[in-house]
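Derivation of every value follows stated rules applied to the coordinates shown; laboratory data play no part. The shown structure was predicted, so the numbers you read here are calculated from the model rather than taken from an experiment. Cβ sites come from the backbone with ideal geometry, for glycine too, and all protein chains shown count toward neighbours.
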Amino acid sequence: MDDALQEGALCLICHEGLLTQVPCALRCGHVYHVACCHQWFEKGKSECPQCKAKSSRDDLLLLDFEVAQVQPRSLEEARKLETASVEDRSRIREELALEVEDVEAKFREAQARLDAWREAAQERKRARRELEAHGPDLEAEISRVRADREQAAVENARLGAEVDNQNTRQRQ
């Protein structure tokens with residue numbers, strides 16, 4: 001991987017190249033190493049290291065992307081551009097515009113996926129909170145049903161004994 005790219009994208013927690021480990025994004029959009037975030041939250045921190053927005057381990061969104069190698073234009077290419085005709089420059093400009101459109105489309109697609117993942121994470125978090133809130137009620141309901149079942153078993157045994165007694169009396 002290109003050293004310049006590694007130097008340009010740093011994890012602000014450990015100050016190492018961002019792409020040397022698995023990156024993740026917080027709810028606020030800042031990106032760090034996933035291992036660094038786990039350590040950050042284990043220390044009891046509850047905010048983004050950069051912008052201080054409220055955050056937690058549940059907000060981590062793993063990022064999976066490939067980084068294209070970007071090569072600067074060579075001196076020879078630059079000289080060709082300087083001496084290129086107006087038509088050639090126009091053609092090159094159109095090609096570059098198409099490349100920009102393609103990159104922007106990929107960015108929008110990635111942003112849409114990121115938004116969907118964030119929304120799904122929020123939905124899971126809401127559902128977990130809802131389940132946790134209903135936990136005590138459900139435990140009480142389970143206890144009540146068990147007590148009712150035990151009471152029904154006792155009543156069933158009593159009625160069975162009563163039926164047996166009546167059958168015994170009828171035979172006599």
### Message
I want to check the label-to-label distance for CYS14 and ALA84. Put each point 7 Å from Cα in the C-beta direction and report it in nm to one decimal.
### Response
4.2 nm
### Task
Compute the long axis of helix 86-171 from its Cα atoms, compare it with the longest principal axis of the Cα atoms of the chain, and write down the angle in degrees, 0 to 90, nearest 10.
10 degrees
### Message
If you build the convex hull over the alpha carbons only and average its shadow over all orientations, what do you get for segment 99-138? Give it in nm² to one decimal.
### Response
2.2 nm²
### Query
Lys/Arg Cβ at +1, Asp/Glu Cβ at -1, dipole of the chain taken about the Cα centre: which of GLN151, ILE13, PHE107 is farthest positive-ward?
GLN151
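Take every Cα-Cα pair in the chain and report what % of them are more than 27 Å apart.
Values: 8752 of 14706 pairs.
Percent of Cα pairs beyond 27 Å in the chain: 60.
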### Within segment 128-158: backbone nitrogen closer than 12 Å to the ASN165 label point (7 Å, Cα to C-beta)
158
